[in-house]
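Read the structure below first, then the notes.
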Amino acid sequence: MPSARQTYDLVIAANRLPVDKVVTDSGESEWRRSPGGLVTAMESVMRSQPGAWVGWAGDTGEAPEPFDEDGIHLRPVPLSADEVRDYYEGFSNDTLWPIYHDVIVPASFHRDWWSSYQTVNQRFAEAVAEVAAEGARVWVQDYQLQLVPALVRKLRPDVRIGWFNHIPFPPVELFAQLPWRTQLLDGLLGADFLGFQRQADSRNFVRACRQLLGARTKRDLVTVEGSHRRVRAAAMPISVDFKGLEELAKQPDVMARAREIRASLGDPEVLMLGVDRLDYTKGIRHRLKAYEELLSEGRFGPPEVTLVQVATPSRERVDAYRILRGEVEQTVGRINGELGKIGAPAVHYLHHSYPREEMAALFQAADVMLVTPLRDGMNLVAKEYVTCRHDLGGALVLSEFTGAWHELHQAFACNPHDIEGLKQTILRAINTPAKDKQRIMRALRRRVADHDVQRWAARYLAALDAAPDVPRPSLVS
Ligand code: ADP
Ligand code: G6P
């Protein structure tokens, strides 16, 4: 039966909505911007065109009624407390996340978690099928929803289905550990087009299809057994809203705030900055170790040099995250206890979320931005930093294990596992003459300006439209 409810030509499905419903200390609930790079990127894409966003509102129990915000139709999907534990914290973030990030911490495999993942993916697919117009483009996001493409195809063979992976796709040797590897691949192969951050990721996917499913593959095409459909898998690195963020960073009050931040830190000669979700993939411990060693060797110290580490709370009920938080906070305490001075701590540690204006001011205030992940699909912080440096100031230290490094080659590249090398890179970033650093910053900015998130979305949707096979007409009347 045709539904009276409004439908959309573009529907994205992501685990999280762009806003989270949170209950404040006073017991009232309010909407707050959700954490993470996916939301940053997709929100700017969706604000510039009509469409619906299907996702979880961040609380448990009944979902809030659908509503419109900033021109986006938001369609909340409910999760029970058990599903948050099993589908989100468990299967998504304690099974898939470690496997997809080089097993920096061990992955846990539980059949209950898998069952919950299937149930929730089915619920997302049903919500998508309800809001998608005839022939719509459905754009599924990230590792939490890998079964959704095939489930949507079953419900709505008339729509075009894309999926984009914001995180790395692992080499087949790691992916093969997953007891549910073939189901995950079959889920993804329900799409017409699959986008990845790096070529290595799309190749890993194609190889997994060949080796684990016995699928026929040719370059970036995988032929689906039985249906003879062909699915394309290609790299399409995500980006930031360069114009919008640069404009924000040019606002006089943001620039004044950047000066105020420096002044409140005692106007150091060198202000270093780290901005990450508190995640073991981000290399925060390696960064602190390199910094601590530089301080204890007397290479520099506070008040002339100081470090601000912003660590956004993340996935706090998952053991690996709880342990990491303890380790980071203990290390910061030790560094400050042993190497800080009265009125001049060596590390300013902030475990909060901030508004975009404050982030832009922080980026402008920082002489050296430390982006040192052990593995990261892209790392938008690196691109945001260069976007905010319209003054051509600052230096970006960037891990080779980020997607961003594949585009931002001119940055001060580092291997965060090599602590000695990381120390040397930090010193180089500090000591390189200003005019050379300006030249580097200009090149980095040009790259991000030319490859912003709007261009990424347009390229993605064009690739989706051009995907090899044409969808079948609707079975729904
Ligand atoms: P991830 O998606 O893994 O968290 P990214 O670097 O790709 O990593 O994206 C992180 C996003 O979250 C960026 O847009 C960044 O500006 C934002 N962010 C990180 N920390 C904070 C914070 N403390 N307050 C507000 N925004 C933050
Ligand atoms: C990364 C993932 C996103 C996720 C975000 C925040 O960017 O790719 O899918 O939303 O981290 O993590 P969280 O678990 O809080 O949603």
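The values are calculated or read from the model by the stated rules, or taken from the named source; none is laboratory data. Since the model is a prediction, treat every value here as computed from it, not as a measurement. A quick note on method: Cβ atoms are made from the backbone with ideal geometry, for glycine too, and the neighbour counts reach across all protein chains shown. Accessible surface areas use protein heavy atoms only, side chains included; no ligands, DNA or RNA. Shrake-Rupley method; radii C 1.70, N 1.55, O 1.52, S 1.80 Å.
Remarks
- When Rg and Dmax are taken over the Cα atoms of the range 179-268, they come to 22.5, 67 Å.
- In whole percents, the pair-distance distribution calculated for the chain from its alpha-carbon pairs, binned every 10 Å from zero, is 4, 20, 30, 26, 15, 5, 1, 0.
- Set Lys243/Lys282; Lys250/Lys383; Lys21/Lys282 screened for pairs whose C-alpha atoms are more than 22 Å apart: Lys243/Lys282; Lys21/Lys282
- Surface composition of the chain: carbon and sulfur make up 48 percent of the accessible area, probe 1.4 Å.
- With bins 5 Å wide beginning at 0, the percent of Cα pairs of the range 389-437 falling in each bin runs 5, 22, 28, 24, 16, 4, 1.
- Averaging 1/r across all pairs of distinct Cα atoms in the range 246-396 and inverting the result yields a Kirkwood radius of 15.8 Å.
- The smallest convex shape that holds all Cα atoms of the range 315-420, its convex hull, gives 143 Å³ per residue.
- If R0 is 30 Å, the Cβ-Cβ spacing of Arg322 and Thr24 corresponds to a FRET efficiency of close to 0.80.
- Once both labels are positioned 7 Å from their Cα atoms along Cα-to-Cβ, the gap between Leu392 and Glu126 label points is 5.9 nm.
- For the range 121-174, a Kirkwood hydrodynamic radius built from all Cα pairs, placed in the Stokes-Einstein relation at 37 °C and 0.692 mPa s, yields a translational diffusion coefficient of 281 µm²/s.
- Protection proxy ranking of 61-70, 337-346, 114-123, by the mean of other Cβ atoms within 10 Å over each peptide's residues and highest first, is 114-123, 337-346, 61-70.
- Convex hull volume of the range 352-471 per residue (C-alpha atoms, cubic angstrom): 140
- Cα Rg, Dmax, the range 222-331, angstrom units: 21.0, 67
- Rel. contact order, % - alpha carbon contacts under 8 angstrom, at least six apart, the chain: 15
- Computed on the range 1-45, the Cα convex hull volume stands at 128 Å³ per residue.
- Along its first, second and third principal axes, ordered by size, the range 296-370 spans 38, 30, 20 Å in Cα coordinates.
- Estimated [θ] at 222 nm from DSSP helical runs (n ≥ 4, -39500 (n - 2.57)) normalised by residues in the chain, nearest 500: -12000 deg cm²/dmol
- Here, the range 246-294 is characterised by an Rg to Rh ratio of 1.09, where Rg is the alpha-carbon radius of gyration and Rh the Kirkwood radius.
- Per residue, the solvent-accessible area of the range 276-379 (1.4 Å probe, heavy atoms of protein chains only, all protein chains present) comes to 39 Å².
- For the range 1-138, the orientation-averaged shadow of the C-alpha convex hull comes to 10.0 nm² (one quarter of the hull surface).
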